[in-house]
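Coordinate-derived values only; no laboratory data. Just so it is clear, the structure is predicted and the values come from calculations on it, not from any experiment. Please note: Cβ atoms are built from the backbone with ideal geometry, for glycine as well, and neighbour counts cover all protein chains shown.
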Amino acid sequence: RLALNNTLQTRDKTYGSRDLASLNFATDYRFSHQPGQRSLSDFYTEATVNPAPWLRFETFQRISIHNTTQQELNYAVEFLDQDVWSVRLSSHYLRSGPDNSLGNPNILEYEEYQLDYRQRLSDTLHFVGRWRYDVRLSRMNEQTYGIMQRLGQTWDVRYELSFSRGQQRESSFGFSVEIDLLKF
């Protein structure tokens, strides 16, 4: 992997040090590759800007080096109060196909918007929600509602109910329990 990572940080009286911006570039070089596969992979760019502790902008882009076609674009804006709530609106665009013309019917395009929300209910409980909307098919692909619980200073446990539509291997209803170790 060939990568260049850049981060600009500043001091903050309330939050200690924090990242103001980051800009990262990467591509992979394949020493041995399959027939038809090229030595260099796509070119990846990732940028994040945090102009204030309560605001964050992110973008991720993947470009084909061989025909200069944008294959993927993800971006997000997030508003947050670390202790009380956060809301994040993001978009995901994915393109697949050898031709770079937009009218080509052989190209699979995917465009989705996602809204994530977190609200503090008490010192140990948070409500979390996620809604994903598929623009191309004009439908809500996922609705997820859950509770995140802090157990002591070591564990976060998340209980979620999901309702999904569209092509998937799972059923249209799901229940998940996720356990995260916060410190080791």
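Here are the numbers:
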read-out: The stretch 51-56 - phi-based ³J(HN,Hα) in whole Hz, Karplus 6.51/-1.76/1.60, Gly and Pro as x; value: x, 8, x, 9, 9, 9
read-out: Dipole in debye (nearest 20) - the chain, about Cα centre, beta carbon charges: Lys, Arg +1; Asp, Glu -1; value: 160 debye
read-out: Radius 10 Å from Cβ of Thr154, net charge of other residues (Lys, Arg +1; Asp, Glu -1); value: 0
read-out: Net charge of neighbours whose Cβ lies under 13 Å from the Cβ of Phe60, counting Lys and Arg as +1 and Asp and Glu as -1; value: -3
read-out: Using θ = phi - 60° and Karplus 6.51 cos²θ - 1.76 cosθ + 1.60, couplings along the stretch 60-72 (whole Hz; Gly, Pro as x); value: 9, 9, 10, 10, 6, 5, 7, 10, 6, 9, 6, 8, 8
read-out: Distant-in-sequence amide H partners of Thr69 (H built 1.01 Å from N, under 5 Å); value: Ser64
read-out: ³J(HN,Hα), Karplus 6.51/-1.76/1.60, whole Hz, each residue of the stretch 77-94, x for Gly, Pro; value: 10, 10, 10, 8, 10, 3, 8, 10, 7, 7, 9, 9, 10, 9, 9, 10, 10, 10
read-out: Val135 long-range amide H proximity, modeled H, under 5 Å; value: Glu111, Glu112, Tyr113
